[in-house]
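**Q** Sharing a structure here in structure tokens format.
The values are calculated or read from the model by the stated rules, or taken from the named source; none is laboratory data. Given the structure is predicted, the values throughout are model-derived calculations rather than measurements. All Cβ positions, glycine included, derive from the backbone under ideal geometry; neighbour counts span all protein chains shown. Accessible surface areas use protein heavy atoms only, side chains included; no ligands, DNA or RNA. Shrake-Rupley method; radii C 1.70, N 1.55, O 1.52, S 1.80 Å.
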Amino acid sequence: MILTERPRLIAVRAARLFDGVSPELLDAPLVIMDGGRIAAVQSGSHPPPDVDVVEFPEATLMPGLVDAHVHLAFDASTDPVAALATRDTPAVAAAMRAAAATALAGGVTTVRDLGDRDYVALDLRDDAGLPTVLASGPPITSRAGHCHFLGGQIDDNPSAMRAAVQERIDRGVDVIKIMGSGGNITPGNPPERSQFSAATLRAGIELAHRHGIGVAVHAHGTTAIRDAVTFGADSIEHASFWSRSGVDDPGDLIEQIVTRQVTVSATVGVRPGAPATPYPQTAARTPGIVAALLSLYRAGARFIAASDAGIHENKPHDVARHIPPALAAIGLPLPEALRLVTSAPADACGLTGRKGRLAPGHDADLLVIDGDPTTDPTAIDRILAVYARGHRIR
Ligand SMILES: [Zn+2]
């Protein structure tokens, strides 16, 4: 006779729970995990007999962080571009694996890599010791354009764009990343300048959507933002309204972004004590960028906050937990700031029902925080435990 015994379930009990959405916390929660999934979320009740309970009496449970804009290939050193240039593909893969592990130890249980080299990020998916990884492969950019050294440069015409999008779809990417404007880390490509004609950008977005794949457009300049919104990009990354001399007024684009439900991905978060940006041109524009982003947020735009981890030394790969305090500092309520790094980016990444919430059926990605991160901005830096798909990481 063969006896098959059901494995005992693991549950975590704490003082309170933030579910990723509601500012109302659940008291005395018990989260029951069945393998990699959440089986039940209860309050105040006694655990079922077949459950082993891990107790955190003073702590808060919350969903694992979802960082919807990272670069695992950039090593968060003083010069990540130069460091990357010295590495061959196996070395890049090793560095990216280490970066992903760093993210996970810091509570980031899902990352969306929006620009690697050689499609290495795709090979990091489905690794039990790493966060859940979504990947774009090399970002599509113009000749000698922003981040051209990642290998995704193309001519500015619709057929070249379609070929680049098709190659990525054939390789199985989760999302297409297009550099719609210049950016700060690539000299010669000012952020206000569009990199592609409207027709080229449109061809890329339309082909991706025909295959059911979302498109994230890096856009600092207002023209690039406008084109991305007009042609139905799923997210605008950075959305800084960067002009040659300062920051543009978003004007009528606010209404368009709200009605078209384009996700605005604000770039937020540095390690504590570090300057918000190493670039003087960004520092000079920060008040204007914050004002533009807040006007979009207050108008009801779909809004998320993501880190761009890896791109400079102030943004290590586990930096996402420093986003909510930064959002609180510009006036957002802390529970709302926490939503913008959990359920909101999960939804923006197409992971609704799987990530970003502590609810039955979702992946068992959860953080145990010492204190209450919905009232104390310093609490989220005190992570007592990280569970990723039911495995305890720390
Ligand atoms: Zn980026």
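**Q** I'm checking my understanding of the structure. Among residues of segment 28-65 that are over 16 Å from residue 391 (Cα atoms) and either in contact with a Phe, Trp or Tyr (Cβ under 7 Å, 6 or more places away or on another chain) or among the aromatic types (Phe, Trp, Tyr) (or both), which one is most open to solvent (accessible area, probe 1.4 Å)?
**A** 56
**Q** Just to be sure before I move on: is residue 197 open to solvent by 20 Å² or more (accessible area, probe 1.4 Å), hydroxyl-bearing (Ser, Thr, Tyr) and either farther than 30 Å from residue 388 by Cα or in contact (Cβ under 8 Å) with a residue 40 or more places away in the chain (or both) in the structure I sent?
**A** yes
**Q** Any residue that is among the β-branched types (Val, Ile, Thr), more than 16 Å from the ligand (Cβ to nearest atom) and open to solvent by less than 20 Å² (accessible area, probe 1.4 Å) - is there at least one of those in segment 324-342?
**A** yes
**Q** Restricting the search to segment 256-289, which residues are within 27 Å of residue 382 (Cβ to Cβ), away from the ligand (no atom under 16 Å from the Cβ) and open to solvent by less than 40 Å² (accessible area, probe 1.4 Å)?
**A** Within segment 256-289, 274 is the sole residue that qualifies.
**Q** Pull out all pairs, ordered by first then second residue, where Cβ-Cβ is under 7 Å, the residues are six or more apart or on different chains, the first lies in segment 4-26 and is loosely packed, with under 13 Cβ neighbours inside 10 Å and in a strand (DSSP E or B), and the second is at pLDDT 95 or above and of a type outside the set (Lys, Arg).
**A** none
**Q** What about residue 216, is it modelled with pLDDT of 95 or more, of a type in the set (A, V, I, L, M), part of a strand (DSSP E or B) and within 15 Å of the ligand (Cβ to nearest atom)?
**A** Yes: the conditions hold for residue 216.
**Q** Among (1) surrounded by 16 or more Cβ atoms within 10 Å (Cβ to Cβ); (2) in a loop (DSSP other than H, G, I, E, B); (3) away from the ligand (no atom under 16 Å from the Cβ), which single condition is residue 165 missing?
**A** (2)
**Q** Please state which one of 231, 241 is farther than 28 Å from residue 316 by Cα and of a type in the set (Phe, Trp, Tyr).
**A** Working: 241 fails: farther than 28 Å from residue 316 by Cα.
That would be 231, the only listed residue that is farther than 28 Å from residue 316 by Cα and of a type in the set (Phe, Trp, Tyr).
**Q** Now a separate question. Test of understanding: among 114, 122, 130, 104, which residue is within 16 Å of the ligand (Cβ to nearest atom) and among the aliphatic types (A, V, I, L, M)?
**A** 114
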